[in-house]
Amino acid sequence: QVQLSESGGGLVQPGDSLRLSCVASGPTFSSYAVGWFRQAPGKAREFVAAISWDGETTEYQDSVKGRFTVSRDNTKNTAFLQMDSLKLEDTAVYYCAADGRILKLVAGGAPDAWGQGALVTVSS
């Protein structure tokens, strides 16, 4: 089973950009859709974005459309979440997840694998 590890979190100011990476172990990464989720303090985990196994299909939560971009490089077993124009309300622990079906990720179903999370703090 694929294992995931996020990196790239940190402390930024409103309006700044940050890129998260999700590196997968195992030879089957290219067969998985990858989703990004976040959990803010005191709130439930929510869907942020997802990308299909071949990168052809992407989905976004309305609040991040136009600001966040999900991508992947299957040759490097890595998915990315580029976050631009960050807002205070984007502060959260961000998780990547992998599943065979992108629609399952979008719907919030239990994925095949979760990463450990990366903290993103947006503060002035």
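The values are calculated or read from the model by the stated rules, or taken from the named source; none is laboratory data. Everything numeric in this text was worked out from a predicted model, so none of it was measured. For neighbour counting, all protein chains shown are included, and Cβ atoms are generated from backbone atoms with ideal geometry for every residue, glycine included. Please note that ligands, DNA and RNA were not included when accessible areas were found on the heavy atoms of the full protein model with its side chains. Shrake-Rupley method; radii C 1.70, N 1.55, O 1.52, S 1.80 Å.
Yes or no, residue by residue, for (1) open to solvent by 20 Å² or more (accessible area, probe 1.4 Å); (2) in a loop (DSSP other than H, G, I, E, B):
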position: GLN1; (1), (2): yes, yes
position: SER5; (1), (2): yes, no
position: PRO14; (1), (2): yes, yes
position: VAL23; (1), (2): yes, no
position: PHE37; (1), (2): no, no
position: PHE47; (1), (2): yes, no
position: GLY55; (1), (2): yes, yes
position: GLU59; (1), (2): yes, no
position: SER63; (1), (2): yes, no
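Matching residues to (1) closer than 16 Å to SER7 by Cβ; (2) among the acidic types (Asp, Glu):
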{"site": "ASP62", "(1), (2)": "no, yes"}
{"site": "SER85", "(1), (2)": "no, no"}
{"site": "VAL93", "(1), (2)": "yes, no"}
{"site": "CYS96", "(1), (2)": "yes, no"}
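Scan the stretch 56-92 for residues that are touching a residue at least 60 places away in the same chain (Cβ under 8 Å) and among the aliphatic types (A, V, I, L, M) and jot them down. Give the derivation first.
Filtering the stretch 56-92 for residues touching a residue at least 60 places away in the same chain (Cβ under 8 Å) gives 80-88.
Answer for the stretch 56-92, where residues must be touching a residue at least 60 places away in the same chain (Cβ under 8 Å) and among the aliphatic types (A, V, I, L, M): LEU81, MET83, LEU86, LEU88.
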Of the conditions (1) at pLDDT 95 or above; (2) surrounded by fewer than 16 Cβ atoms within 10 Å (Cβ to Cβ); (3) more than 10 Å from the chain's Cα centre (by Cα), the single one that PRO41 does not satisfy is (1)
Can you pull out the residues in the stretch 81-124 that are surrounded by 13 or more Cβ atoms within 10 Å (Cβ to Cβ) and in a loop (DSSP other than H, G, I, E, B)?
ASP84, SER85, LEU86, LYS87, THR91, GLY100, ARG101, GLY108, PRO111, ASP112, GLY115, GLY117
Where THR28 falls short, out of the listed (1) at pLDDT 95 or above; (2) open to solvent by 60 Å² or more (accessible area, probe 1.4 Å):
(1)
